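What follows is a set of notes on a single structure, which appears directly below.
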Amino acid sequence: MIKILLFAGLKDRVGKSFITLENGPVTVSELKKELEKVPGLENLTNVMVAVNETYANGDVVVRAGDTVALIPPVSGG
């Protein structure tokens with residue numbers, strides 16, 4: 001199982017702070033495509049991904065037991 005942590009607007013849109021998936025192993029790019037099927041996560045193009053607390057590009061492999069964080073762009077003032 002892969003735990004997906006949701007932050008900021010993603011958390012608000014999905015209504016949960018995390019979700020789990022049974023997928024694995026998959027690349028970050030493949031995982032993002034799968035997650036875009038979840039209501040509220042339809043467009044993850046600009047979302048940063050961290051795997052086990054390290055920022056990850058699309059080629060990084062995610063395995064069962066990993067924790068993935070989805071970090072949307074934020075602005076503030």
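Just reorder ILE4, ILE71 by solvent-accessible area, largest first, 1.4 Å probe, all chains present. Write down the numbers at each step before the final one.
Details: ILE4 0, ILE71 50 Å².
Heavy-atom accessible area, descending, gives ILE71, ILE4.
For the chain, what is the convex hull (Cα atoms) projected area averaged across all directions, in square nanometres?
Values: hull surface 19.3 nm².
Averaging across all directions leaves 4.8 nm² for the Cα convex hull.
Arranged from highest to lowest average of other beta-carbon atoms within 10 Å per residue, in what order do the peptides 45-52, 17-24, 63-70 appear?
So the peptides 45-52, 17-24, 63-70, ranked by packing, come out 63-70, 45-52, 17-24.
For the chain, with only Lys/Arg (+1) and Asp/Glu (-1) charged at the beta-carbon, what is the dipole magnitude about the Cα centre, in debye rounded to 20?
Values: 8 positive and 9 negative charges, 37 e Å.
Dipole size: approximately 180 debye.
The values are calculated or read from the model by the stated rules, or taken from the named source; none is laboratory data. Everything numeric here is computed off the predicted structure, so don't read it as measured data. Every residue, glycine as well, gets a Cβ built from its backbone with ideal geometry; the counts of neighbours run over all protein chains shown. When the accessible area is computed, the model is the full protein with side chains, heavy atoms only, and any ligands, DNA or RNA have been set aside. Shrake-Rupley method; radii C 1.70, N 1.55, O 1.52, S 1.80 Å.
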